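See below for the structure under consideration.
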Amino acid sequence: MSEKKTSRYAPDLMAGQVALVTGSGSGMGRATALEMASCGARLALFARREEPLEETAEMIRAAGGEAFVVPGDTRDEDSIETAMGRIKEHYGQLDVLVNNAGGQYIAAARDITNKGFEAVIRNNLIGSWQMTRAAADHFMYENGGSVVFVTAISGRTALTGFTHTVAARAGVTGMMKTLAAEWGEYGIRLNCVAPGTIKTEALGRYPIPPERWKQLNRSVLNRMGMAEDIAGTIIFLASDLGNFITGEDIYVDGGETLHMGHDARDMINPDMFDKRERGDGKDE
Ligand SMILES: CCCCCCCCCCC/C=C/C(=O)SCCNC(=O)CCNC(=O)[C@H](O)C(C)(C)COP(=O)(O)OP(=O)(O)OC[C@H]1O[C@@H](n2cnc3c(N)ncnc32)[C@H](O)[C@@H]1OP(=O)(O)O
Ligand SMILES: NC(=O)C1=CN([C@@H]2O[C@H](COP(=O)(O)OP(=O)(O)OC[C@H]3O[C@@H](n4cnc5c(N)ncnc54)[C@H](OP(=O)(O)O)[C@@H]3O)[C@@H](O)[C@H]2O)C=CC1
């Protein structure tokens, strides 16, 4: 690794380890891949679009790390098998899987069709299961490993307009806990990171005007979450720092799920809400 690489963790924290990060062409997946590389991990980058993945790989290589691209769809078993085969060929091992790929559309529950519900379950629950099962089959039953799932605020709170994805993410959490109980004997640790509202380009795809994000940002820390906030937690869980942690579900949401029934400070000084940031990935 060259001197260009910077990390908040020790530069050899993940030395000798191979990590597969899904959805690593953008947002939190990219931030995680970059920081894992700066900790000495060798990366396999997985998503549907090759070009953004190549950009991430280039960024890693430019910083002196090692990465290669395996395009695929978490919903497609064949592409997952191909990816696992290529990782075996290229690195001969897989120690860490980050199931970060996902997405959904916003809709009122009464407007979600069965087909639409199923599409979101496939993208966010079944896709993660398929990746995890394949990683265990090909690598982790034999050598152990660590799996981190990126979910979303679910379980602790309702999120109207997102019934399908809340169901999927809560499903991932239940699956993770059960697998953690079953697979401890193979040395496989599994955990979830549940982001709150994180400032990535993805939020800009929602049909709301930028100024509305200030009001929607419910973090009590007076800022939006950043992709790096999530990356740091994923690495903590995936690496040896989290060696005795399995079956955990960590919310990284700036206190968004603290559930203030009503914020009475608004009656004392309404100006204190002015500092909230917009969340569509762009500047004010
Ligand atoms: C106002 C916002 C307030 C937010 C408050 C803060 C909350 C923050 C927390 C949010 C948590 C999550 C954040 C993020 O995930 S960021 C990511 C942003 N999302 C995206 O980037 C888009 C992701 N979506 C997709 O990739 C696809 O839509 C999906 C994979 C989910 C489905 O694709 P697929 O190809 O499998 O399915 P089809 O296109 O064939 O469609 C099948 C049926 O699904 C329904 N559908 C699909 N898209 C939509 C849509 N945009 N609107 C309505 N319905 C949709 C539909 O029934 C389809 O069937 P038909 O084609 O027969 O109609
Ligand atoms: N931003 C936020 O506030 C929150 C986000 N989340 C979740 O966190 C994760 C990362 O979010 P964020 O970085 O913001 O979003 P992005 O949209 O930037 O990243 C998601 C990535 O997943 C990939 N992807 C999506 N579906 C598939 C699939 N079926 N197979 C393979 N790759 C896929 C996409 O790449 P490609 O299109 O090339 O396949 C994309 O790069 C997502 O699961 C998201 O739903 C959860 C809570 C809040």
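Every read-out reported here was derived from the displayed coordinates using simple, explicitly stated rules and does not represent laboratory data. Keep in mind that this is a model prediction, so the values were computed, not measured. Cβ coordinates were reconstructed from backbone atoms using ideal geometry, including for glycine residues, and neighbour counts include every protein chain displayed.
Below are the figures for this structure:
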{"quantity": "Qualifying trypsin sites (Lys or Arg not before Pro) for the stretch 133-194 [loop in DSSP, other Cβ within 10 Å: at most 13]", "calculated": "none"}
{"quantity": "Directionally averaged shadow of the stretch 18-255, computed from the convex hull of its alpha-carbon atoms, nm²", "calculated": "12.7"}
{"quantity": "Cα-derived Rg over Rh, computed across the stretch 1-116 with Rh taken as Kirkwood radius", "calculated": "1.06"}
{"quantity": "Using alpha-carbon coordinates, inclination of helix 27-38 to the longest axis of the chain, degrees", "calculated": "40"}
{"quantity": "5 angstrom amide H check on Ser146, placed H, neighbours 5+ away", "calculated": "Val96, Leu97, Arg189"}
{"quantity": "Residues whose placed amide H lies under 5 Å from that of Gly161, excluding near-sequence neighbours", "calculated": "Ala109"}
{"quantity": "The chain: angle of helix 50-62 to the longest principal axis, Cα-based, in degrees nearest 10", "calculated": "70"}
{"quantity": "Helix-only mean residue ellipticity at 222 nm for the chain, each DSSP H run of n ≥ 4 adding -39500 (n - 2.57), per residue, nearest 500", "calculated": "-10500 deg cm²/dmol"}
{"quantity": "Subset of Lys115/Lys177; Lys88/Lys177; Lys177/Lys199; Lys177/Lys282 violating a 31 Å alpha-carbon distance limit", "calculated": "Lys177/Lys282"}
{"quantity": "Value of Rg to Rh for the stretch 128-190 (Rh from inverse mean 1/r over Cα pairs, i.e. Kirkwood)", "calculated": "1.06"}
{"quantity": "Check: the stretch 18-255 dipole with +1 on Lys, Arg Cβ and -1 on Asp, Glu Cβ, in debye", "calculated": "920"}
{"quantity": "Residues His90, His164, His138, sorted so that the one with the fewest Cβ neighbours within 10 Å comes first", "calculated": "His90, His138, His164"}
{"quantity": "Additional length obtainable on full extension of the chain from Val220 to Leu258, 0.36 nm per residue less Cα span", "calculated": "12.8 nm"}
{"quantity": "Where labels lie 7 Å past Cα in the beta-carbon direction, separation of Phe244 and His90 in nm", "calculated": "3.6"}
{"quantity": "Linear extension gain, Asp76 paired with Ile268, 0.36 nm per residue minus alpha-carbon span", "calculated": "63.7 nm"}
{"quantity": "Helix axis angle, 163-183 relative to the chain longest principal axis, alpha carbon, degrees", "calculated": "40"}
{"quantity": "Amide H contacts under 5 Å for Tyr251, placed H, 5+ residues apart", "calculated": "Ala194"}
{"quantity": "Neighbourhood net charge (10 Å Cβ-Cβ; Lys/Arg +1, Asp/Glu -1) for His138", "calculated": "-1"}
{"quantity": "Potential extension, Arg8-Arg205 segment - 0.36 nm per residue separation minus Cα distance", "calculated": "67.9 nm"}
{"quantity": "Dimensionless Rg ratio for the stretch 68-208, taking C-alpha atoms and the 2.2 N^0.38 Å reference", "calculated": "1.10"}
{"quantity": "Order of Glu55, Glu89, Glu182 - criterion: other Cβ atoms within 10 Å of each residue's Cβ, fewest first", "calculated": "Glu89, Glu182, Glu55"}
{"quantity": "Dipole of the chain, positive direction: furthest Cα of Ile235, Thr151, Ala47, with charges on the beta-carbon", "calculated": "Thr151"}
